[in-house]
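Taking it in order: structure first as C-alpha cells, then the write-up.
The values are calculated or read from the model by the stated rules, or taken from the named source; none is laboratory data. Note that the coordinates shown come from a computational prediction; the quantities given were computed from them, not determined experimentally. Cβ coordinates were reconstructed from backbone atoms using ideal geometry, including for glycine residues, and neighbour counts include every protein chain displayed. What goes into the accessible areas is simple: the full protein's heavy atoms, side chains included, and nothing from ligands, DNA or RNA. Shrake-Rupley method; radii C 1.70, N 1.55, O 1.52, S 1.80 Å.
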Amino acid sequence: MNDRNAEPSGAAYTHHHLQSIANPQAYWGEQARQVAWYRAPQQTLEALPDGTHRWFADGELNTCYLALDRQIELGRGEQRALIYDSPVTGQQATYTFSELRDEVARLAGLLRTLGVEKGDGVIIYMPMIPQAAMAMLACARIGAVHSVVFGGFAPHELALRIDDLKPRLLLTASCGLEFDRVIPYKPLVDKALTLAAFSPEHVLLWQRPQAPGDLLPGRDLDWRQALEGIAPVDPVAVNSLDPLYILYTSGTTGKPKGIVRENGGHAVAMLYTMGVVYGMSAGDVWWGISDVGWVVGHTLIVYAPLMSGCTTVFYEGKPIRTPDAGAYWRIIEQYRVNALFCAPTAMRAIRKEDPQGHHLTSRDLGSIRQLFLAGEKLDSSTHEWLEGLSGKPVLDHWWQTETGWPVTAPCLGLQGHRPAPGSSNRPVPGYAVRVMDEGGKLLGPGEQGSIVIALPLPPGCSQTLWNDHPRYLSAYLQAFPGYYNSGDGGYVDEQGFVYIMGRTDDVINVSGHRLSTGEMEDLAGQHPAVAESAVIGVHDEIKGQVPLALVVLKDGVDQSPAQVQQELVAWVRERIGALACFNRVIVVKRLPKTRSGKTLRAVLRKIADGEAYTIPATIDDPAILAEVAQALATCPA
Ligand code: AMP
C-alpha cells in the first residue's frame, strides 16, 4: 500500500474512503486481519439502540503482546523499541523489544503481586521517563485499565481522577524536571490523596536522584525494591471490548470526561494509523513529541509505533531551553528519525528563538520524510516557515482524545494526496465528515458550521465515558441524531478538504492542551469576593490560546480588584496547574448577557482578539458590552 515515491494522485485514497463508508463491516473486517488476535472476531460491527456501536465484540487479544512479544516473534527482538533521550538529566538510553518486554513482564508481575487484577484501574502520574511507558504496557499485559494523568496537573485535578477511577494502585515518580527546575511529584500525590475521598491500597514510587520522595509506611513502596525477586508474567487474553485505558479530557464542566479506549478497536486503529496515515513501516524510527499524559502520548509515543514494529523516541525535554532551540533537530540527526508528530505551539516557540533557523540548517535532517502537526490550528506562517527551512512536507491533520487517531489527514500509506494550504486535509477512511448548522441541516461546500461525523465511528473511537454513559450520549450524540458532534467548527471545501476553525463549546486549547473554561469559571466562583465570571480563550502568539477571565465582584467586598486578581491567579494555578496559563483577570462591573441571561462569550472572544463583531439582537443591555469592550481594550496583554 505504501509507495513513498508515488505521486499523490488521490485515487487509492478515494477508493478506500468510499469503501470504508459504503461498507464499514467489510472494510474494517479486512483491516482487522492485520492484528494477531488470540481469537479472531467473528462479529465485526454491531449497532446498539442508543446510537453507539461495538466493534469486534467477540475478539480476544492482548495489546501488550501485540506491542512487544509479537514483535519479538516477528524477529525484531534486537531492534531498538524505545530510545530515551533526556536533556534535562543528561541521560540517553535504548531498550530493544526484548529488553522492554522483559522489564514490562516483571513490572506486570509486580502489579499482580500488589493485587491488581484484570479490569482494575491503575493511575499513572509520571514524568516522561521510560518507566511511564512500561507502566502502561504492564497494565495492558494483565488486562488492568490504566489512566495516565499528565504530570503538570495539580493535586486537585489528580484527586478528581482518583475519585472517578477508584484505582487499585497509583504509580508515580519522585519528581519531574522542567528546564532547570525540579518539581517534586510525591508531595503532589500525597496532597491529592488527602483531597480524594478514595485511596488506592498502594503507591509505587520510582525514585529519581534529583528529588527522592518520602514513603508512607504500609501504603507506599519503592518501585525498584518491590521488583526484587518478582517473576515475569505472560500476557492475558482480554475481550475486544475490555477497556485498555481511560484518559480524562476536559469537557465543558469542572468534571473531566473519562474517555474509554477498548482493546480490540484500538489495536485495529493503531496498526491502520501508523501505516495508512503516517506511512510508517516496521524498522522506521518515529518520534511522537508529546507527553504520555495526552492522547498523542498513548497513540503516537507508546502504542501505534510499538505495535507497528517501529522504534519510538521518548523525549524528556522541551522544544527550547533544553538546552536551546536546536534540541529537536539534534534528536532527528542523532537517531535518524524518519517522521515526527508535534503541536504547532512547539514550532512557534522554536521559531521565536531561532527565526532564521540556524539550529535547523546546521543539522542533517536527511532521514526525515515528513513532519506531522496537530493538536491545534496550524497557522500559515509557522507552516511556511517550517516547510521552507526544512524542505520537508509539513502535514496538518486533525483528531481528538475521543477518536484516538486522526480524523482528517493526508493518508501517506494510500499514496496521500496534495495537501490544501490551511486545511487539516481530507477525512481518513472510516470517517464521514460533514458540516451542519445549529438546526441539524447539512451544509454545502464552504459553508461554516459544526463539524460532525456520521455514525458509526470507525474502530478505536470512544463509544462511552467511564462511569457516565448518559453523558457520552448527551455530549456527543444528542445534538445531531445519527452523527457524532466533534465540538469543533469549520467547513469542508469543494474537494473535500476540511478546515477546522476552533471549538464551538467552552473548551480552549492552550499550547495544544485542552482545557475547560467552565471549570475555570467554577473555580473563580469559589473565591469569596467573586459574584460571577466569564472565562474566554483569547489568541496568543505562541500558545495559540490563553484564558482571560472577566470577573464581577460581590457588592461590599473590601478587597481591592488587584488583590482579587492576584488571589484568583494563584487559586486557579494551584488547582489546575501552571499549564492552564491562567494569568489574565479583569474586574468588570457587569457581564454582557442576552435577555435570557446567557453571557455573550463569542462576542467577548471577538472583542478580546480585536476582530469585527456584531451585537446580537438578543442583547440585554448594550451599554454593558461597551463598558466591557473598553476594559478589554485598556487591559495589558
Ligand atoms: P485533544 O482531545 O486534547 O487532543 O484536543 C482536540 C482538539 O484540538 C480538537 O477538538 C480541536 O479543537 C483541536 N485540534 C486538534 N488538531 C487540530 C488541527 N489540526 N487544527 C485545528 N484544531 C485542532
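Looking at (1) assigned to a helix (DSSP H, G or I); (2) within 16 Å of the ligand (Cβ to nearest atom); (3) outside the structural domain of Gly90 (by TED's automatic domain parsing), which is the one condition that is false for Trp329?
Among (1) assigned to a helix (DSSP H, G or I); (2) within 16 Å of the ligand (Cβ to nearest atom); (3) outside the structural domain of Gly90 (by TED's automatic domain parsing), Trp329 violates only (2).
Filter segment 476-485 for residues that are in contact (Cβ under 8 Å) with a residue 60 or more places away in the chain, closer than 21 Å to Val428 by Cβ and surrounded by fewer than 23 Cβ atoms within 10 Å (Cβ to Cβ) and give the result.
Leu477, Gly482 - these are the residues of segment 476-485 that are in contact (Cβ under 8 Å) with a residue 60 or more places away in the chain, closer than 21 Å to Val428 by Cβ and surrounded by fewer than 23 Cβ atoms within 10 Å (Cβ to Cβ).
If I ask for residues that are within 12 Å of Met128 (Cα to Cα) and of a type in the set (Ser, Thr, Tyr), which ones from segment 280-336 would you list?
Passing the criteria: Ser290, Tyr315.
Quick check on segment 340-351. Is at least one of its residues under 30 Å from Tyr245 (Cα atoms) and away from the ligand (no atom under 16 Å from the Cβ)? Reasoning before the result, please.
As a first pass, look at segment 340-351 and keep what is under 30 Å from Tyr245 (Cα atoms): 340-347.
If we keep only those that are away from the ligand (no atom under 16 Å from the Cβ) too, we end up with none.
No, segment 340-351 has no match at all.
May I ask you to list the residues in segment 343-393 that are modelled with pLDDT of 95 or more, more than 20 Å from Pro419 (Cβ to Cβ) and out of contact with any helix residue (DSSP H, G or I) (no Cβ under 9 Å at 6 or more places or on another chain)?
His358 - this is the single residue of segment 343-393 that is modelled with pLDDT of 95 or more, more than 20 Å from Pro419 (Cβ to Cβ) and out of contact with any helix residue (DSSP H, G or I) (no Cβ under 9 Å at 6 or more places or on another chain).
Take Pro470 and tell me if it is under 24 Å from the mean Cα position of the chain (by Cα), open to solvent by 50 Å² or more (accessible area, probe 1.4 Å) and within 12 Å of the ligand (Cβ to nearest atom).
no
Could you tell me whether segment 197-218 includes any residue that is open to solvent by 20 Å² or more (accessible area, probe 1.4 Å), part of a loop (DSSP other than H, G, I, E, B) and of a type in the set (Phe, Trp, Tyr)?
The answer is yes; a qualifying residue exists.
Going by the conditions given, is Gly258 assigned to a strand (DSSP E or B), modelled with pLDDT of 95 or more and either open to solvent by 20 Å² or more (accessible area, probe 1.4 Å) or closer than 29 Å to Asp164 by Cα (or both)? Talk me through it step by step, then tell me what you get.
Working: assigned to a strand (DSSP E or B): yes; modelled with pLDDT of 95 or more: yes; either open to solvent by 20 Å² or more (accessible area, probe 1.4 Å) or closer than 29 Å to Asp164 by Cα (or both): yes.
So Gly258 fits the description; yes.
Does Gly430 satisfy the condition of being within 27 Å of Tyr245 (Cα to Cα) and away from the ligand (no atom under 15 Å from the Cβ)?
For Gly430, the condition - within 27 Å of Tyr245 (Cα to Cα) and away from the ligand (no atom under 15 Å from the Cβ) - is met.
Do you know which residues across segment 400-430 are assigned to a loop (DSSP other than H, G, I, E, B) and under 15 Å from Tyr499 (Cβ atoms)?
Correct list: Val407, Ala409, Pro410, Pro419, Ala420, Pro421, Gly422, Ser423, Ser424, Asn425, Arg426.
For segment 564-578, what are the residues that are in contact with a helix residue (DSSP H, G or I) (Cβ under 8 Å, 6 or more places away or on another chain) and more than 19 Å from Leu160 (Cα to Cα)?
Going through segment 564-578, the residues in contact with a helix residue (DSSP H, G or I) (Cβ under 8 Å, 6 or more places away or on another chain) turn out to be 568, 571-577.
Result: Leu568, single match.
What single numbered condition from (1) in contact with a strand residue (DSSP E or B) (Cβ under 8 Å, 6 or more places away or on another chain); (2) more than 28 Å from Pro155 (Cβ to Cβ); (3) surrounded by 17 or more Cβ atoms within 10 Å (Cβ to Cβ) fails to hold for Glu627?
(3)
Please name all residue pairs, on different chains or six or more residues apart, with Cβ atoms under 7 Å, provided the first residue is in segment 9-24 and is at pLDDT 95 or above and the second residue is open to solvent by 30 Å² or more (accessible area, probe 1.4 Å) and aliphatic (A, V, I, L, M).
From residues that are at pLDDT 95 or above, the pairs are Pro24/Leu45.
Scanning for something open to solvent by less than 40 Å² (accessible area, probe 1.4 Å) and hydrophobic (A, V, I, L, M, F, W, C), does segment 178-188 turn up at least one residue?
Within segment 178-188, none of the residues are open to solvent by less than 40 Å² (accessible area, probe 1.4 Å) and hydrophobic (A, V, I, L, M, F, W, C).
One residue is enough: does segment 223-243 have a residue meeting the conditions charged (D, E, K, R), assigned to a strand (DSSP E or B) and closer than 30 Å to Trp37 by Cβ?
No; the residues of segment 223-243 include none that is charged (D, E, K, R), assigned to a strand (DSSP E or B) and closer than 30 Å to Trp37 by Cβ.
Quick check on my filter: what residues within segment 352-407 are within 13 Å of the ligand (Cβ to nearest atom), under 21 Å from Glu333 (Cβ atoms) and in contact (Cβ under 8 Å) with a residue 40 or more places away in the chain?
Passing the criteria: only Phe372.
Can you name the condition, by its number, that Arg575 falls short on among (1) in contact with a His (Cβ under 7 Å, 6 or more places away or on another chain); (2) within 23 Å of Gln630 (Cβ to Cβ)?
(2)
Enumerate the strands (runs of 3 or more DSSP E) found wholly within segment 69-141, keeping only those where 3 or more residues are buried (at least 24 other Cβ atoms within 10 Å of the Cβ) and touching a Pro at 6+ places or on another chain (Cβ under 9 Å).
Where strands (runs of 3 or more DSSP E) fall fully within segment 69-141 and carry at least 3 residues being buried (at least 24 other Cβ atoms within 10 Å of the Cβ) and touching a Pro at 6+ places or on another chain (Cβ under 9 Å), they are 121-125.
Go through (1) within 15 Å of the ligand (Cβ to nearest atom); (2) assigned to a loop (DSSP other than H, G, I, E, B) one by one and return the number of the condition Ile301 breaks.
For Ile301, the exception is condition (2).
In segment 537-584, what residues are in a strand (DSSP E or B), of a type in the set (Val, Ile, Thr) and surrounded by 24 or more Cβ atoms within 10 Å (Cβ to Cβ)?
Looking only at segment 537-584, we keep the residues that are in a strand (DSSP E or B), and these are 537-540, 544-553, 584.
Filter once more, keeping what is of a type in the set (Val, Ile, Thr): 538, 546, 551-552.
Within segment 537-584, Val551 is the sole residue that qualifies.
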